[in-house]
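This report refers to the structure that appears directly beneath it.
The values are calculated or read from the model by the stated rules, or taken from the named source; none is laboratory data. Quick caveat: nothing in here was measured; it's all calculated off a predicted structure. All Cβ positions, even for glycine, are placed from backbone atoms using ideal geometry, and neighbour counts span all protein chains on display.
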Amino acid sequence: MAIQGSQTAEPTDYTFDDLAVVMGTYNEKEAIGTVLEDIETVTDGRAEVVCVDGSSDRTPEIAREHGATVIEQEPQGYGVAVREAVLTPDRPVVVTTDCDDTYPMERLPDFLDEINDGGDVVSGDRLYYGAEQMPAMNKLGNELFALLASALMGKRVHDTTTGMRAYRREVLQKIKWTENTGLSAELLMRPLMRGYDVRERPIEYDERKGETKLDPFSGGAAIAKSIVRVALEERFR
Ligand SMILES: Nc1nc2c(ncn2[C@@H]2O[C@H](COP(=O)(O)OP(=O)(O)OP(=O)(O)O)[C@@H](O)[C@H]2O)c(=O)[nH]1
Ligand SMILES: [Mg+2]
């Protein structure tokens, strides 16, 4: 589904040499090796990788062994880490992922193609294929967040909390990001409400390796608040 805005970008011909894959990493030693190997294989080792890390386990050492740039940061939540991560690379295309081996790195070429086709933001929709590996409560929550955001924006979106998206760097640099647990929703909503070309594309979603960093109750409440705040701010901007 394309949610076409008015500020459509010119088509480009970026390659993996123009791509940075970024993530927050917080005690992900079970998953990080696989995630970074997948990125390396799929992009021929040409994508830059940035990890903003708050771990007390071996995660940062494993990341460095795989050639990633590691930025150390006290753990302060998802959005604090991921904001730093998306603002760090100089490369023109930035893709986010979680470091828990849930997201399909083999889709990186498709995401790059969509950016080259003129997309400003390409968002992986985990719910389209049913997200069978997602815990039932998370799935329900994610469906409700998408409905809430859609109602407030007046534009239908299907997965506001996905961790896998591609962005044109200039979009990331132009907008001021304010949310923490709700940053993923904000990263979708502000560009969409400003008329950028934001596209949702179905992705497969796998079972998480290692332990979740999200408390479903306090986290869920924080995300809902972010969605309302961001929608109202953008409406009255
Ligand atoms: N540096 C840093 N990374 C974090 C922090 N909180 C979460 N992360 C990372 O952000 C990513 C998303 O966290 P997850 O625990 O996967 O959250 P989630 O995807 O909402 O929950 P799951 O459904 O269990 O995967 C993971 O790669 C985490 O390691 C933090 O405070 N600091
Ligand atoms: Mg995750």
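Observations, loosely collected:
- Checking 121, 95 one by one, the residue that is under 21 Å from residue 190 (Cβ atoms), in contact with a Pro (Cβ under 6 Å, 6 or more places away or on another chain) and either touching a residue at least 40 places away in the same chain (Cβ under 8 Å) or within 16 Å of ligand 2 (Cβ to nearest atom) (or both) is 121 and no other.
- Selection status of residue 57, of a type in the set (D, E, K, R) and within 9 Å of ligand 1 (Cβ to nearest atom): no
- Residue in segment 189-204 that is within 30 Å of residue 90 (Cβ to Cβ) and within 13 Å of ligand 1 (Cβ to nearest atom) present: no
- Condition check for residue 40: of a type in the set (D, E, K, R), surrounded by fewer than 21 Cβ atoms within 10 Å (Cβ to Cβ), away from ligand 1 (no atom under 16 Å from the Cβ) and within 22 Å of residue 166 (Cα to Cα): yes
- Only one entry of 113, 90, 57 meets the criterion of being at pLDDT 95 or above, among the acidic types (Asp, Glu), away from ligand 2 (no atom under 16 Å from the Cβ) and in a helix (DSSP H, G or I), and that entry is 113.
- Considering segment 151-237, the qualifying helices (runs of 4 or more DSSP H), each wholly inside and each with 3 or more residues that are in contact (Cβ under 8 Å) with a residue 60 or more places away in the chain and either crowded, with 20+ Cβ neighbours inside 10 Å or within 16 Å of ligand 2 (Cβ to nearest atom) (or both), run over 183-193, 216-235.
- Any hit, segment 8-22, residues being within 10 Å of ligand 1 (Cβ to nearest atom) and under 19 Å from residue 209 (Cβ atoms): no
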